[in-house]
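Right, one structure below, let's go through it.
The values are calculated or read from the model by the stated rules, or taken from the named source; none is laboratory data. As the structure is a prediction and not an experimental result, all values here were calculated from the model. Reconstructed Cβ throughout: ideal geometry from the backbone, glycine too, with neighbour counts over all protein chains shown. Ligands, DNA and RNA are excluded from the accessible area calculation, which covers all protein heavy atoms including side chains. Shrake-Rupley method; radii C 1.70, N 1.55, O 1.52, S 1.80 Å.
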Amino acid sequence: MTSPDAVAALRPRLPSPLVEVSDTRFARHGVGLLLKRDDLIHPLLIGNKWRKLAPNLAAAAGRTILTFGGAYSNHLRATAAAGRLLGLSTVGVVRGDELAGAPLNPSLTRCAADGMRLHFVDRSTYRHAARPDTLAAILRAADAEDAHVVPEGGSNTHAVRGCRALGEELRGSAEVAAVPCGTGGTLAGLAAGLAPDQHALGVPVLKGGFLGADVHALQTRAFGGPRGAWSLADGFHFGGYARVPEELDTFAADFEQRHGLAVERLYVAKLLYALVALAREGAFPRGTGVTAVITGAPFTGDAGDADGSGKGS
Ligand SMILES: *Cc1c(COP(=O)(O)O)cnc(C)c1O
């Protein structure tokens, strides 16, 4: 059984720390920079993955959790770790049937070591997994017909409502709160939780999609309509998802030096790069405070605190 109490027993660090940092690239434009350390919420259920998964773990009420991800998905690893820590079965539907039978990469190795059953599907099936007939076929093939299904990236209604708490924790602080965006679920919840005089800024890490429409749809499903003031800063995807050109990598390494923070490359580096560029362009009026939400941490291959010994719970 997973109750909200069982989830709370994982002892998340909430509210996550909010720290002001001094960075001349902002200060010279009269802009203040704060870091919202969601990467410190839990060593394995990191950042926005905690905020999105915790309400889903409660909703699963002990049933198997089946979810979707690519071969390096942060969301799959977080779900697998949650399953181990809470004694829940998990099934990961992985994009790419060519991966079946091949040696697992470090991320999927971690998932499997945490007890996640991996089910590989071809790209076309994966793309259409939201269709009822395709989903039913996947559940049948994975032998998980009564599972609690969480979509790719974890962004369902439970998750978006869970991310509202991020905005609520930031009420009364800086005017702008910025997050990197994959599915947009975190931005949708963040905007809903902020105070009316605050603004949520999303930095898409994928190339040209329909993210604005997606965020709108996620808010409508979770809250019944649009909520809060938010916008997207396009042009910082660096070629698309998981593309990390040298310029971005160098920027991230320099940020690590300056601020003693391990910078996750696929999302967090693009967010921080965007904020430095926007400050340089004068996009923030003097006197503005900007909070960068550190939504995750680099994957190191570690099992974290528990190493499969079944301690805790
Ligand atoms: C998954 C993830 C995101 C994307 O969140 P969405 O709600 O899908 O937009 C952002 N940052 C990190 C570090 C992530 O792992």
Checklist entry - Within the bounds of the range 277-285, is there any residue that is without any contact (Cβ under 8 Å) to a residue 40 or more places away in the chain, more than 18 Å from Val21 (Cβ to Cβ) and within 17 Å of the chain's Cα centre (by Cα)? => result no
Next on the checklist: So in the range 108-162, with the set limited to residues that are among the acidic types (Asp, Glu) and closer than 18 Å to Ala78 by Cβ, which one is most open to solvent (accessible area, probe 1.4 Å)?
Outcome noted: Glu152
Next on the checklist: Restricting to the range 236-292, and then to whatever is assigned to a helix (DSSP H, G or I) and among the hydroxyl-bearing types (Ser, Thr, Tyr), can you tell me which residue is surrounded by the fewest Cβ atoms within 10 Å (Cβ to Cβ)?
Outcome noted: Thr250
Item to check | Scope the range 130-142; condition closer than 10 Å to Leu66 by Cβ and assigned to a loop (DSSP other than H, G, I, E, B); matching residues | outcome: Ala142
Next on the checklist: Of the residues Gly172, Gly225, only one is farther than 22 Å from Ile46 by Cβ, at pLDDT 95 or above, part of a loop (DSSP other than H, G, I, E, B) and open to solvent by 50 Å² or more (accessible area, probe 1.4 Å); which?
Outcome noted: Gly172
Item to check | Yes/no for Ala71 being away from the ligand (no atom under 13 Å from the Cβ), within 29 Å of Ser124 (Cα to Cα), open to solvent by 10 Å² or more (accessible area, probe 1.4 Å) and modelled with pLDDT under 95 | outcome: yes
Checklist outcome for this item: Looking across the range 175-187 at residues that are outside any strand (DSSP E or B) and near the ligand (Cβ under 7 Å from one of its atoms), the single one that is nearest to Gly228 (Cα to Cα) is Leu187
Next on the checklist: Among (1) more than 16 Å from the ligand (Cβ to nearest atom); (2) closer than 23 Å to Leu218 by Cα, there is one condition Ala159 misses while meeting the rest; what is its number?
Outcome noted: (1)
Checklist entry - Out of curiosity, is Gly209 of a type in the set (Gly, Ala, Ser), without any contact (Cβ under 8 Å) to a residue 12 or more places away in the chain and in a loop (DSSP other than H, G, I, E, B)? => result yes
Item to check | Among (1) assigned to a loop (DSSP other than H, G, I, E, B); (2) more than 19 Å from the chain's Cα centre (by Cα) - the single one Thr109 does not satisfy | outcome: (1)
Item to check | Given (1) open to solvent by less than 20 Å² (accessible area, probe 1.4 Å); (2) acidic (Asp, Glu); (3) over 20 Å from the mean Cα position of the chain (by Cα), number of the condition Asp38 does not satisfy | outcome: (3)
